[in-house]
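Accompanying notes for the structure given below.
The values are calculated or read from the model by the stated rules, or taken from the named source; none is laboratory data. Being a predicted model, the structure only gives us computed values, none of them experimental. Every residue, glycine among them, receives a Cβ derived from its backbone with ideal geometry; neighbour counts consider all protein chains shown.
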Amino acid sequence: MTKAVILLAGRGERLQPLTNTRPKGLLPVGNIPLIDHIIEAVSPYVDEYVFVVHHLEEMIRQHMQTRHPALSVTYRRQNEMNGTGDALMSAGRIDESFICINGDIFIERDCIDALLSAHMDSNRSVVTVKAMENDGSFGSVIVEGGTFKGIREKEQSPSALVNIGVYLFTPEIFDALSRISPSPRGEYELTDAISLIGERVAVSRYGGYWNDIGYPWSLLDANEHVVTKQERAIMGTIENGATCIGDVVVGEGSIVRSGAYIIGPVCIGDHCDIGPNCYVRPFTTIGDHCHVGNASEVKNSVLFSHTNVAHLSYVGDSIIGASCNLGAGTLVANLRHRKDAIKMEIKGKLVSSGRRKLGVVMGDETKTGINVSIYEGRKIGDHCGIGPGVIVDKNVEPYTFVVTKQETVMFRRE
């Protein structure tokens with residue numbers, strides 16, 4: 001096996017505002033971009049990559065030049081967002097068997113091991129499936145008597161073999177792609193081409209960890225999985241009087257100041273300033289060049305790089321974008337009084353997160369003033385300003401400044 005096609009063109013609309021300023025493949029999971037996790041999974045078997053790109057593609061190119069300069073990568077542009085079938089056609093015909101992976105999923109190497117094993121056993125194209133509940137977000141693969149029979153798109157089922165977006169194709173996939181028509185939603189679906197191949201498709205049943213990073217809270221789930229597997233590593237400085245319990249990673253040039261109390265698993269990036277007198281709770285990831293300061297608490301959250309939670313703030317079950325600054329007294333709610341699953345507005349519709357606790361998803365370069373309160377399950381866009389004392393009870397669109405109107409009465413004391 002020599003080639004892998006990674007489909008990275010999509011805009012990631014369900015992940016906005018995080019994807020307004022970066023492609024999905026650069027979303028960090030455990031302080032490592034998603035595309036790097038995919039490369040790690042396939043790297044023992046692949047020596048040439050084809051990246052199908054579109055949205056903010058220059059950021060992908062720059063990342064690869066900086067982080068993976070030795071890798072052989074060909075970039076193919078999908079000019080219009082016409083579906084996954086069109087995306088693979090944009091890669092150009094490949095006259096050998098190759099791996100194909102959706103660029104917005106988290107996978108590990110054992111998934112690729114199983115994929116290749118199924119191909120070697122069958123000498124066919126392979127679709128990877130996972131037995132799980134299908135909430136209607138995924139295609140369900142139909143298998144009868146061990147034989148592939150087709151894929152039903154977006155079908156709800158309490159128990160299904162879900163198509164997880166990890167494939168191995170023989171060149172005949174391109175012939176099948178040339179024969180498909182647009183789906184009812186007007187897109188050329190890769191799954192329609194796979195169904196045309198029919199019984200010449202093998203199925204790899206995967207039982208390990210996989211995550212479709214399709215919603216903001218998916219990042220929290222994947223981040224928890226990654227940091228749980230890490231081992232303790234202190235590459236920075238821990239001052240006397242600071243406490244680090246369990247598997248805590250502290251990056252190079254970072255300092256954990258006296259009075260800071262950190263319970264792992266926690267991942268802290270490079271050149272961070274943590275403390276004094278703060279509390280960092282399990283499953284938190286803090287990006288490079290971040291500051292978590294006095295009397296602040298961060299729990300089960302992801303802070304992107306260059307973000308400050310400097311003092312007197314609480315951030316729980318949240319994702320805070322890059323270069324954000326939370327003013328003193330910024331408090332994020334993450335639990336409803338009824339304790340039911342929190343819903344978040346996604347593309348104009350309320351979608352259940354399935355989580356009892358979910359805070360805020362905040363885009364890059366957003367600032368809050370002092371004493372800001374943010375309701376649970378809210379989104380604040382990138383490049384926003386939230387004025388002092390504002391209660392954020394509705395989503396805030398990108399490039400919006402929010403202030404309160406206050407009537408002030410002043411009179412002279414007698």
*Going through the range 30-55 one residue at a time, which ones are more than 23 Å from Glu96 (Cβ to Cβ) and free of Cβ contacts under 8 Å to residues at least 24 places away in the same chain?*
none
*Examine the range 154-176 for a residue that is touching a His at 6+ places or on another chain (Cβ under 8 Å) and farther than 30 Å from Pro282 by Cα, and state whether such a residue exists.*
yes
*Check the range 21-44 and report whether any residue there is over 29 Å from Thr307 (Cα atoms), part of a strand (DSSP E or B) and touching a strand residue (DSSP E or B) at 6+ places or on another chain (Cβ under 6 Å).*
no
*On the given criteria, is Asp382 at pLDDT 95 or above, more than 20 Å from His311 (Cα to Cα), in contact with a Phe, Trp or Tyr (Cβ under 9 Å, 6 or more places away or on another chain) and loosely packed, with under 15 Cβ neighbours inside 10 Å?*
no
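Among the residues of the range 84-93, is any farther than 22 Å from Arg11 by Cα and assigned by TED's automatic domain parsing to the domain that holds Leu8? Give the derivation first.
We begin by selecting, within the range 84-93, every residue farther than 22 Å from Arg11 by Cα; these are 93.
After this cut, where a residue has to be assigned by TED's automatic domain parsing to the domain that holds Leu8 as well, the list is 93.
The answer is yes, given that some residue of the range 84-93 is farther than 22 Å from Arg11 by Cα and assigned by TED's automatic domain parsing to the domain that holds Leu8.
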_Among the numbered criteria (1) within 24 Å of Glu13 (Cβ to Cβ); (2) out of contact with any Gly (no Cβ under 6 Å at 6 or more places or on another chain); (3) modelled with pLDDT of 95 or more, which one does Gly389 miss?_
(1)
*Go through the range 335-375 and give me each residue that's within 19 Å of Phe304 (Cα to Cα) and of a type in the set (S, T, N, Q).*
Thr366, Thr368
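Does the range 402-409 include one or more residues that are modelled with pLDDT of 95 or more and either within 19 Å of Phe304 (Cα to Cα) or assigned to a loop (DSSP other than H, G, I, E, B) (or both)?
Of the range 402-409, the ones modelled with pLDDT of 95 or more are 402-403.
Next cut, either within 19 Å of Phe304 (Cα to Cα) or assigned to a loop (DSSP other than H, G, I, E, B) (or both) only: 403.
Scanning the range 402-409 turns up at least one residue that is modelled with pLDDT of 95 or more and either within 19 Å of Phe304 (Cα to Cα) or assigned to a loop (DSSP other than H, G, I, E, B) (or both).
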*So which residues in the range 315-353 are under 23 Å from Pro276 (Cβ atoms), touching a Leu at 6+ places or on another chain (Cβ under 6 Å) and buried (at least 22 other Cβ atoms within 10 Å of the Cβ)?*
Ile320
*Is there any pair with a first residue in the range 56-75 that is modelled with pLDDT of 95 or more and a second that is part of a helix (DSSP H, G or I) and small (Gly, Ala, Ser) whose Cβ atoms are under 9 Å apart and which are 6 or more apart or on different chains, and what are they?*
Met59/Gly25; Ile60/Gly25; His63/Gly25
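Would you confirm whether any residue within the range 121-134 is among the acidic types (Asp, Glu), in contact (Cβ under 8 Å) with a residue 40 or more places away in the chain and surrounded by fewer than 16 Cβ atoms within 10 Å (Cβ to Cβ)? Break it down into steps so the answer makes sense when it comes.
From the range 121-134, those among the acidic types (Asp, Glu) are 121, 133; that's our starting set.
Narrowing further to those that are in contact (Cβ under 8 Å) with a residue 40 or more places away in the chain: 121.
If we keep only those that are surrounded by fewer than 16 Cβ atoms within 10 Å (Cβ to Cβ) too, we end up with 121.
Within the range 121-134 (the criterion being among the acidic types (Asp, Glu), in contact (Cβ under 8 Å) with a residue 40 or more places away in the chain and surrounded by fewer than 16 Cβ atoms within 10 Å (Cβ to Cβ)), the answer is yes, since at least one residue qualifies.
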*Residues in the range 249-257: is at least one in a strand (DSSP E or B), within 27 Å of Ser218 (Cα to Cα) and either touching a strand residue (DSSP E or B) at 6+ places or on another chain (Cβ under 8 Å) or not aliphatic (A, V, I, L, M) (or both)?*
yes
*Of the residues in the range 293-313, how many are buried (at least 22 other Cβ atoms within 10 Å of the Cβ) and assigned to a strand (DSSP E or B)?*
4
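Under 23 Å from the mean Cα position of the chain (by Cα), crowded, with 20+ Cβ neighbours inside 10 Å and over 16 Å from Arg152 (Cα atoms), is that true of Tyr206?
Working: under 23 Å from the mean Cα position of the chain (by Cα): yes; crowded, with 20+ Cβ neighbours inside 10 Å: yes; over 16 Å from Arg152 (Cα atoms): yes.
So Tyr206 passes the test.
Can Tyr215 be described as of a type in the set (Phe, Trp, Tyr) and surrounded by fewer than 18 Cβ atoms within 10 Å (Cβ to Cβ)?
On the way: of a type in the set (Phe, Trp, Tyr): yes; surrounded by fewer than 18 Cβ atoms within 10 Å (Cβ to Cβ): no.
The answer is no for Tyr215.
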